[in-house]
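For reference, the structure discussed in these notes is given below.
No lab work stands behind these numbers, since they all come straight from the coordinates. These figures come from a predicted structure and were not determined experimentally. Quick reminder, even Gly has a Cβ in these numbers, built from the backbone with ideal geometry, and neighbours come from all protein chains shown.
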Amino acid sequence: MLSEYYEQIEAFALDVTLIGLFLLMAYVVHDVLKKNKVPTIGKLVVYFVLFLGALGFIFKGVMQWVIES
C-alpha cells in the first residue's frame, strides 16, 4: 500500500520541507537584520527577494499541477 502512494508522500514531504526551510530562512534573516539595525528600506528589499524565491517555488508547484491535470 505504501508503494502505491510513494510519489504523493515524497511530493508532500518535499513541499513541507521547503516551507520549513523558507520559514527558517525568514527567521534567520529577521534576526540578522534586527541585530545589525538595518534601515527599513533594506529590510523591505531583503524580504522582497526572499518572497520572490518562495514565489518561484509556488509558481513551479502550480504549473506542475496544471500540466499534470
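Using R₀ = 30 Å, calculate the FRET efficiency as 1/(1 + (r/R₀)^6) where r is the Cβ-Cβ separation of Phe22 and Leu2; round to 0.05. The pair Phe22/Leu2 has a calculated efficiency of 0.60.
Annotation for the chain: trypsin sites (Lys or Arg not before Pro) lying in DSSP loop with at most 16 further Cβ atoms inside 10 Å of their Cβ are Lys37. Label-to-label distance, Val32 versus Phe59, with points set 7 angstrom from Cα along the beta-carbon direction: 2.4 nm. Would you mind checking the tilt of helix 6-35 against the longest principal axis of the Cα atoms of the chain, expressed as 0 to 90 degrees and rounded to 10? Value to nearest ten degrees: 0. When the P(r) is computed for the chain, the part past 18 Å accounts for 53% of the Cα-Cα pairs. The angle between the Cα long axis of helix 40-68 and the main principal axis of the chain comes to about 10°, on a 0 to 90 degree scale. Under 5 Å between amide hydrogens, built in the peptide plane, is the criterion, and for Val38 it picks out nothing among residues at least 5 positions away or on other chains.
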